[in-house]
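A.B. asks: Please read through the structure below; I'll follow up with questions.
The values are calculated or read from the model by the stated rules, or taken from the named source; none is laboratory data. Small disclaimer: the values here were computed from a predicted structure and weren't measured. For neighbour counting, all protein chains shown are included, and Cβ atoms are generated from backbone atoms with ideal geometry for every residue, glycine included.
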Amino acid sequence: MTEPTFIPESERELIAVYPDDAHAQQARTALLDVGVQPEEIHLSEEGDIVAALRAEMSDEMTRSLVAPHAGVVYPPGSARGFTIIGLVGAVIGIAAAFPLALIDFGSTYWVRWLVWAVVGVGFGFAVGVVAGPAGGAPRPGELSPAARGTVLRVERDAQGLRRILESFEPLRLDEISHGGDPIDNIYTSMPTDTAEVAKDIAANVQGDDYNPER
């Protein structure tokens, strides 16, 4: 995204995506109550939907895990899935090394434990590489916020307006330029704490998104 500090506040706008028209209308009413002019507020205009999609995709790229030397590009959800499942697998591998080290194939117990621990960690991260990205990725039928919600754009950017827009539970809130170019993400409803991400991964693993009867 464009570095926000390089763009004057007077050249920024706010674009929010709400789960439905009711939330968007409530936000619009609140903006009017604080003095924003009606012509400065736009609802569900085609160009704004495109700008919201661009902001979302730009934010996705910014927060993606990119490792060019390994030929890996993981979007945020997949990166979190890889990290969580890989770490869990590694911990299980280290724990399994204790009983496996009892198998006497030479050397001392702790040397054997170290060998098994290295194998277990490698196995755990291998599972993370295979299962993690898919477990943390959006489901095949899941639309992006801008595609399923109601887009509201305000031709201003100020802290007070941000607080108003956030108070009506948007799916996303982004800064854009007057031309619709993404500047920065302010808020996203995507879970970020480990517990919520782990719940999403568990639900995804148990789901069957590819059932032909659905």
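A.B. asks: State which residue is farthest from residue 13 (Cα to Cα) when the search covers only the range 23-69 and only residues that are at pLDDT below 90 and assigned to a strand (DSSP E or B).
C.D. replies: 67
A.B. asks: So which residues in the range 75-103 are modelled with pLDDT of 85 or more and within 22 Å of residue 56 (Cα to Cα)?
C.D. replies: Selection gives nothing.
A.B. asks: Could you grab me the full set of residues in the range 36-54 that are surrounded by 13 or more Cβ atoms within 10 Å (Cβ to Cβ) and of a type outside the set (Lys, Arg)? Step through it out loud before you land on a result.
C.D. replies: As a first pass, look at the range 36-54 and keep what is surrounded by 13 or more Cβ atoms within 10 Å (Cβ to Cβ): 36, 40-44, 48-54.
Of everything in the range 36-54, those that are surrounded by 13 or more Cβ atoms within 10 Å (Cβ to Cβ) and of a type outside the set (Lys, Arg) turn out to be 36, 40, 41, 42, 43, 44, 48, 49, 50, 51, 52, 53.
A.B. asks: Being in contact with a Pro (Cβ under 9 Å, 6 or more places away or on another chain) and either within 20 Å of residue 81 (Cβ to Cβ) or modelled with pLDDT of 95 or more (or both), is that true of even one residue in the range 158-166? Steps first, answer last, please.
C.D. replies: Restricting attention to the range 158-166, the residues satisfying the condition of being in contact with a Pro (Cβ under 9 Å, 6 or more places away or on another chain) are none.
Checked against the condition, which is being in contact with a Pro (Cβ under 9 Å, 6 or more places away or on another chain) and either within 20 Å of residue 81 (Cβ to Cβ) or modelled with pLDDT of 95 or more (or both), the range 158-166 yields no hits at all.
A.B. asks: Further question on the same structure: (1) touching a Leu at 6+ places or on another chain (Cβ under 6 Å); (2) in a helix (DSSP H, G or I): which one isn't true of residue 131, the others all being true?
C.D. replies: Exception for residue 131: condition (1).
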